[in-house]
Amino acid sequence: MSSGRQWARRRQGASESPFDKNRKTTPETYATLTCSCQCNLTSASTDDKWQEGLRSLRDILAVILGWVIEFLYGCMAESDVKSSLRTFCLLWFASGAAFFAGTIGGFLFGVPKVESKPVGQTTSSSSSRYTANTNLEDISDWLTKIILGLSLVHVDKIISFVDTVGQGVAAAIGAAQGSKVIAISSMIYGFVCGFITIYAWTNIVLRSDLEKTAT
């Protein structure tokens, strides 16, 4: 009988895991778990900062690439340094104006929307009586719809406008070969870069800042 009890105790002791013997959380264990959680949060925050920095670097490199192409065209199309710099400045200002127009479009299309009633959240008497101002969101919706509607209806006029501006920049550059093509390409490239850069910024950085402010 005693041998049977000893065998049962040995079997029970073998089945117990090392974690079952220390079920009580000691201060040392709690400190270790807290430190581990803080390290995980710190590493996650560091990864987010690295990703944000890489996105910013990618956008900056895309803009610099356009500038390099414009500078190379100015150096190859003109014979002297003064004319090369003048051509580069004309292309830079044309693409810069298009970039600024693209940033406006990217901001209007990328403004975050305020969620009026979050899922699973119930209204309580202790909740704030003030709500977020959605005027900018409403204006963004109206303008994006107007811009899309007018763009679809007057797409031929938009193409004609871009062609006219490109012709004007090419005339300012002079008799350099391919001046109209490089002028229109620079403006389109600048517009797309501005749109994508600010659209990504409003969806990632601005949205994160608004969420932190709301909490």
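Quick notes on this one:
- Ranked by how many other Cβ atoms sit within 10 Å of their own Cβ, fewest first, the residues SER185, SER179 fall in the order SER185, SER179.
- Listing ASP59, ASP141 from fewest to most neighbouring C-beta atoms within 10 Å gives ASP141, ASP59.
- Counting every other Cβ atom within 10 Å of each residue's Cβ, TRP67, TRP201, TRP142 order from fewest to most as TRP142, TRP67, TRP201.
- Modelled spin labels at ARG207 and MET76, positioned 7 Å past Cα toward Cβ, are 4.0 nm from each other.
Read-outs throughout are calculated quantities, based only on the coordinates presented, and are distinct from any laboratory measurement. Just so it is clear, the model here is predicted, and its values are computed rather than measured. Glycine gets a Cβ as well: all are built from the backbone with ideal geometry, and neighbour counts include every protein chain shown.
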